[in-house]
Every structure is written in structure tokens, then in C-alpha cells.
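What follows is a short report on a single structure.
What follows is calculated from the coordinates using simple rules that are stated; it is not laboratory data. Just so it is clear, the model here is predicted, and its values are computed rather than measured. Backbone-built Cβ (ideal geometry, glycine too); neighbour counts: all protein chains shown.
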Amino acid sequence: MNEIVIDVTPRTEFGKNPSRRLRRSGMIPGIVYGSKKPPVPISVDPKQVERILHLESGVNTVFMLHLLGKDQRRYAMIKDFQTDPVTSRLQHTDFIRIQMDEAIEVNVPIQTVGEAPGVKLDLGILDIPLREIRVESLPADIPDHIPVDISSMKIGDTIRVADLKIPPKVKVLTEPNQVVAVVTPPAKEEEVAAAPVAEVTEPEVIKKGKAAAEEAEPAEEA
């Protein structure tokens, strides 16, 4: 995969009004920090940030940050970002400097593989209580996701963090006994007792009417 480069520009104006003007111009404010160096306020094209967020690796993507004007380049990752609650547009981005030879801690998402027989055949329910795990590795060794093979899970089976297949250069920091996936029995349908059908009796007046009609019929025939 080709190296990703994001161009950023040093920012000299701060506060709400300059930030609004910056966003109206098509850019967003941000900051670069980490590696025991002073933070640097910057502006960046939000489309470049969105391109990274849409990758499978997402915020764990390692890229080259190019500081225009000073022509400085260094590896970085997206540490945090804010979006508008109404439009969902990016409003601010934090970048963190990284060293490719220093291990870092990140959260990596869980991704299920296959289909559990306990769900497909026995109508069980698959529960995934853990959606990501905390790992430590060199930036280049961060996996896009951690696969969880559920293709042999029957009702009552459980997969824990300790059961996951982790790449050799990755250290898991999440508690090994935490449950990642479990197949539970299907919910039992409550048996609804049939309500007794009440006997319908005809009103007395109808009975009398019928009796009178029966008595009247011979007279009509006569």
C-alpha cells in the first residue's frame, strides 16, 4: 500500500471567530502533539481526514504528516476528532506524533468470521459483549481487526479473549477472561392457556318466541 500523506498548515489565529472563518474556507482547525515536543496548532482539509477514517484501519492508520511552510514530515495517527452533532461534518482533529520503533497502545475492533451452528440450526442467540480489545505493538504491526471464528459455536459455547488468535508481534492488554462471544439458548415462548369459551345461552324471550312459533305452525297447516 502506498504511503498516505496529509498536508497541514501552521495556524496562527485562535478562538471561535478564526475557527469559524477557517471552516467557512473549507478547512478545519487541529493540533499536533506527542513525542515530548510542543503542540503545534494546524489547519487541515477535512476530506483528507475523512479519507483515513473510511479506511478499514480507521483511527489506527499510520500516515505521514507534512507540515507545509516548514516542510517537516513525521509519522502520525489520528488521536481524536469532533463532528457537528447536526451535520456530522468534521469540526476539529487531533493528531499524535509517533515513532515507528516505539510500541503504542490502541483499541482494535473485533470481527466475527463464519456462522455459528447454534444460531443457524438451533435458533440460538449470538451475543458479542466485547467489540474491541486493547493491544500494544509497533505502529507498523497494528492489525486492522481481530478475527473471531464462530463457525463451530454451539448453544452454550463461549469465546474469551484468551481464545483469540493474535498476531505474533501484538501484545493483548485486555483481561484474558473477558467474554468476546457467547451463544445462548433461544427465548422460550410462553404457553398461553386457552381461555374457556363461555356458553352462550339464548335470552328467555327468544326461547318463548320459538315455542310460540312451534305451537302456531300446526294451526297454519290446518
Sticking with the crude label model, points 7 Å out along Cα→Cβ, report the distance from L138 to E13 in nm, one decimal please. 4.4
Relative exposure of M153, M64, judged by other C-beta atoms within 10 Å (fewest first): M64, M153
Quick one: check the C-alpha center-to-center distance for the stretch 34-61 versus the stretch 105-119, whole angstrom. 27
If you average 1/r over every pair of different alpha-carbon atoms in the stretch 104-184 and take one over that average, what Kirkwood value in Å do you get? 13.1
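Rounded to a whole number, what is D in µm²/s for the stretch 25-130 from Stokes-Einstein with the Kirkwood radius over alpha-carbon pairs (4 °C, 1.567 mPa s)?
On the way: Rh = 16.5 Å.
Using the Kirkwood radius from Cα pairs, D works out to 79 µm²/s.
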For H92, which sequence-distant residues (separation of 5 or more, or a different chain) have an amide H within less than 5 Å of its own amide H, given hydrogens modelled in the peptide plane? Q82
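For the stretch 1-121, what is the relative contact order in percent, using Cα pairs closer than 8 Å and at least 6 residues apart in sequence?
Details: 184 pairs, mean separation 30.6, N = 121.
The normalised contact order for the stretch 1-121 reaches 25 percent.
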